[in-house]
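Student: This is the structure I want to talk about, given as structure tokens.
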Amino acid sequence: MLKSSDIIYEDDTDLAFGRVLPNLLESLQEAGAEISHLVPLPSLIASSLSTELLRLKTDQFVVHTSLKLATHLFQKAQEMKMMEKDYVWIVTNTITDFIHSLDVTTINSMQGVLRVKNFFLESSSKFLQFKERFQKKFSVNYPEEGNNEPGISAVEAYAALWAVSHTLSRRNMPFAEKSKLYLDKISFVDFNGLTGRVQVINKKLTPSHVFGVVNAIGKSYRWNLEFSSH
């Protein structure tokens, strides 16, 4: 059974963090975790981070915030010696999925953190081919950027564009007729993409519900566990 944990989340009505908090708490409790304390952090927090960290009541924390807030949080935690072996930090995919875009100094402040990440088979030939094309294109368009790794957002955007391009296959039709045909056809999109099954339900692409727990090793990581949220 998991130890008692403090839940640190970003308290911003314009973002999804607070809205999904009930689902996060339910999932943790189903996994046998005890929730000790809820710690809401405003998005524009600065000097009060030290005070907020001192309010924590346990040595195990689950962090569900934006990447920007998480970087400030872990830098401050490192300064306060709260990233050492006596502490356990777990971050959700809202942070992990974008860590590849951070600089080395920031990533170093998050070493040892357990991370939940959207899972897809990164060794598949389909993804490796996409990755090669993405890196070549990105390096040409943004030569000043040192990191050209495709994150989950790039992969999901590719899946969405692939679905649209294959739906708009008929040409030489009146616009109104083509628009109706598109709406009808997009409702039946169902194929295996880079992240697995891509499906449209109620005219929206369904999100991935397969995640993994990873250990960080510099900018790379090692998968420890794969699970589904269903």
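Student: Every residue in the range 63-97 that is in contact with an Asp or Glu (Cβ under 8 Å, 6 or more places away or on another chain) and over 13 Å from LEU41 (Cβ atoms), please.
Tutor: ASP86, TYR87, VAL88
Student: Starting from the range 67-81, take each residue that is closer than 16 Å to ASP103 by Cα and list its partners that are open to solvent by 70 Å² or more (accessible area, probe 1.4 Å) and basic (Lys, Arg), counting only C-beta distances under 7 angstrom and pairs at least six apart or across chains.
Tutor: Taking only residues 6 or more apart or on different chains, not a single pair turns up.
Student: Right, another one. Being of a type in the set (A, V, I, L, M, F, W, C) and modelled with pLDDT of 60 or more is the filter here; which residues of the range 1-18 pass it?
Tutor: Across the range 1-18, the qualifying residues are ILE7, ILE8, PHE17.
To keep it simple, each residue is scored yes or no on (1) within 26 Å of GLY151 (Cβ to Cβ); (2) in contact with a Gly (Cβ under 8 Å, 6 or more places away or on another chain).
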residue	(1), (2)
ALA33	no, no
LEU54	no, no
MET83	yes, yes
ASN93	yes, no
ASP97	yes, yes
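The values are calculated or read from the model by the stated rules, or taken from the named source; none is laboratory data. Owing to the predicted nature of the structure, the values given are computational and were not obtained by experimental measurement. Here Cβ is always computed from backbone atoms with ideal geometry, including for glycine, and neighbour counts include all displayed protein chains. Note: areas computed on protein heavy atoms with side chains; ligands, DNA, RNA excluded. Shrake-Rupley method; radii C 1.70, N 1.55, O 1.52, S 1.80 Å.
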